[in-house]
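Peer 1: Below you will find the structure I want to go over with you.
The values are calculated or read from the model by the stated rules, or taken from the named source; none is laboratory data. Owing to the predicted nature of the structure, the values given are computational and were not obtained by experimental measurement. Positions of Cβ are backbone-derived with ideal geometry, glycine not excepted, and every protein chain shown enters the neighbour counts. In case anyone asks, the SASA skips ligands and DNA or RNA and just uses the protein heavy atoms, side chains included. Shrake-Rupley method; radii C 1.70, N 1.55, O 1.52, S 1.80 Å.
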Amino acid sequence: MPKTFDALLVGYYGMHNTGDDMLMAATAEGAKALYGASRLAATCPKGSEVAQWLECAPVQSRKQRVRAQDRALKYVGAWRSEHILIGGGSVFHTAKDIAQKRHYLKLSGNAEHRAVGVGLGPFVDTEAEKQCAAFLNEAAFTGVRDRDSYDIAKSIAPAANVALTYDLAPGLVESDAFKSALASQRDNAIGFALCPKERFEGYSQRETNRLLKLAAAAKQWHRESGAGIRLFDFNGHPTLGDAQVHQEFMNLLDGVPVEYLPYYANPYHCIAAISRTKMMVAMRLHAAIFSFLTKTPYLSLNYHPKCDNWCRDSQHSPQYAFDSATFDVEALTKSGFDILNGHYLEPQLAIAAARDEALKNWEAL
């Protein structure tokens, strides 16, 4: 029976997350380049703005009405697709989720499936590690975005076809969409892209403490430089997104001018805004990545191993990387002033080199 789709794009797509939107865009471009794909489907809900923008058919329901409905719809989407492409993100850490990805491969039936620009672990239990090893052995190719993931892969599945590649986003820097989004000059704004990590783990006071320290730094930067604040919602989910934490941050910025940018489905809108920003304070991983790609100086607030891995692998100077829970506000403020005064040390990894590593995800087998 002929397949309806050339490729099914699999990821945390259509969930109003700017980073995942960019990963989906990169995966769509990779499918076109690798397979000559023109009929694309994606694991996102009907009505998804990013699916419409990328001209991908969403395989999930607009709203799940019965238990396991979306899982069944994704299985049907895999069965109707010639290739499975798992594109980007931390998508290999729970046994149930990895097992579903293995089912996608089997249902499609074609042998040439791959995962690209993905992170492995940290696994929630030993069963998740076993499922990941089985997936790596079943996929035709897996490109992992960081050295830690590569070491995990070679440890649990030494015979699998795994390569150390990179995050997918740098692979788009030569695209017309990326280049046309870049601003011609910067303004006097300091960007923040925060993440409400602790409140969903039951530690809201830790989040409050971070906001108080960041507000103190922001007010000092404003007093000395006149810079305003630009807030970026990288996650636009109505309850799990960034709007609430940014609103609370705004409430602490007495007298500091603030521009608030809610989530927007086209990630190049965010690229444009970051490229005109004088400095970024990036807690969201792709806020750091977008800053790197637009040559925007940034301080990284690392809350997850993926953030530490990014700073290490992009050779971001340690003086601009901080633990989001324990950072010293005076050290952060000083590093910010160094940047504002024109003394930023750029990451040693060249953007062209990052692009080359990202494009390794799409090399022919």
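Peer 1: What are the residues in region 259-281 that are open to solvent by less than 60 Å² (accessible area, probe 1.4 Å), within 24 Å of residue 200 (Cβ to Cβ) and out of contact with any Pro (no Cβ under 8 Å at 6 or more places or on another chain), if any?
Peer 2: Selection gives 261, 263, 265, 267, 270, 281.
Peer 1: How do the pairs read when you match residues in region 153-175 that are closer than 12 Å to residue 359 by Cβ with residues anywhere that are in a loop (DSSP other than H, G, I, E, B), using Cβ under 6 Å and keeping only pairs 6 or more apart or on different chains?
Peer 2: 166/145; 167/145
Peer 1: Now for a separate question. Check every one of the helices (runs of 4 or more DSSP H) wholly within region 240-302 and list those with 3 or more residues that are within 25 Å of residue 118 (Cβ to Cβ) and modelled with pLDDT of 95 or more.
Peer 2: Once the helices (runs of 4 or more DSSP H) in region 240-302 are filtered for at least 3 residues that are within 25 Å of residue 118 (Cβ to Cβ) and modelled with pLDDT of 95 or more, what remains is 267-275, 285-293.
Peer 1: Which condition breaks for residue 3 when tested against (1) without any contact (Cβ under 8 Å) to a residue 60 or more places away in the chain; (2) over 23 Å from residue 236 (Cβ atoms); (3) part of a loop (DSSP other than H, G, I, E, B); (4) open to solvent by 40 Å² or more (accessible area, probe 1.4 Å)?
Peer 2: Result: residue 3 passes all but (1).
Peer 1: For region 72-86, indicate whether the set of residues that are in contact with a Phe, Trp or Tyr (Cβ under 7 Å, 6 or more places away or on another chain), open to solvent by 50 Å² or more (accessible area, probe 1.4 Å) and in a loop (DSSP other than H, G, I, E, B) is non-empty.
Peer 2: Yes - at least one qualifying residue is present in region 72-86.
Peer 1: Another question, if that's okay. Only residues in region 24-50 that are in contact (Cβ under 8 Å) with a residue 24 or more places away in the chain count as the first member; pair them with residues that are acidic (Asp, Glu), Cβ under 6 angstrom, at least 6 apart or cross-chain, and list the lot.
Peer 2: 35/6; 37/6; 39/6; 50/21
Peer 1: Oh, and also: Can you spot a residue in region 246-258 that is surrounded by fewer than 19 Cβ atoms within 10 Å (Cβ to Cβ) and of a type in the set (Gly, Ala, Ser)?
Peer 2: Yes, some residue in region 246-258 is surrounded by fewer than 19 Cβ atoms within 10 Å (Cβ to Cβ) and of a type in the set (Gly, Ala, Ser).
Peer 1: Out of 99, 111, 115, I need the residue that is within 29 Å of residue 2 (Cβ to Cβ), open to solvent by 10 Å² or more (accessible area, probe 1.4 Å) and not in a helix (DSSP H, G or I). Which one?
Peer 2: After ruling out the rest, the residue left standing is 111.
Peer 1: Now, a different point. Please state which one of 94, 142 is of a type in the set (S, T, N, Q), out of contact with any Asp or Glu (no Cβ under 7 Å at 6 or more places or on another chain) and more than 30 Å from residue 36 (Cβ to Cβ).
Peer 2: 94
Peer 1: Does residue 67 satisfy being surrounded by fewer than 24 Cβ atoms within 10 Å (Cβ to Cβ) and either among the aromatic types (Phe, Trp, Tyr) or in contact with a helix residue (DSSP H, G or I) (Cβ under 9 Å, 6 or more places away or on another chain) (or both)?
Peer 2: Criteria not met by residue 67.
Peer 1: If residue 356 satisfies every condition in (1) under 21 Å from residue 192 (Cβ atoms); (2) not in a loop (DSSP other than H, G, I, E, B) but one, which is the exception?
Peer 2: Unmet for residue 356, out of (1) under 21 Å from residue 192 (Cβ atoms); (2) not in a loop (DSSP other than H, G, I, E, B): (1).
Peer 1: What is the residue count in region 312-343 for residues that are surrounded by fewer than 19 Cβ atoms within 10 Å (Cβ to Cβ) and without any contact (Cβ under 8 Å) to a residue 40 or more places away in the chain?
Peer 2: 14
Matching residues to (1) among the hydroxyl-bearing types (Ser, Thr, Tyr); (2) in a loop (DSSP other than H, G, I, E, B); (3) open to solvent by less than 10 Å² (accessible area, probe 1.4 Å); (4) without any contact (Cβ under 8 Å) to a residue 40 or more places away in the chain:
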site	(1), (2), (3), (4)
206	no, no, no, no
213	no, no, no, no
221	no, no, yes, no
237	no, yes, no, no
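Peer 1: Let me ask you something else. Scan 117, 143 and give me the residue that is over 16 Å from residue 312 (Cβ atoms) and touching a Leu at 6+ places or on another chain (Cβ under 6 Å).
Peer 2: Residue meeting the stated conditions: 117.
Peer 1: Any idea which residue in region 174-204 is surrounded by the fewest Cβ atoms within 10 Å (Cβ to Cβ), counting only those that are part of a helix (DSSP H, G or I) and modelled with pLDDT of 95 or more?
Peer 2: Here is the first cut: in region 174-204, the residues part of a helix (DSSP H, G or I) are 176-181, 198-201, 204.
Checking which are modelled with pLDDT of 95 or more leaves us with 176-181.
Values: 176: 8, 177: 13, 178: 22, 179: 12, 180: 10, 181: 19.
Among them, the one singled out is 176.
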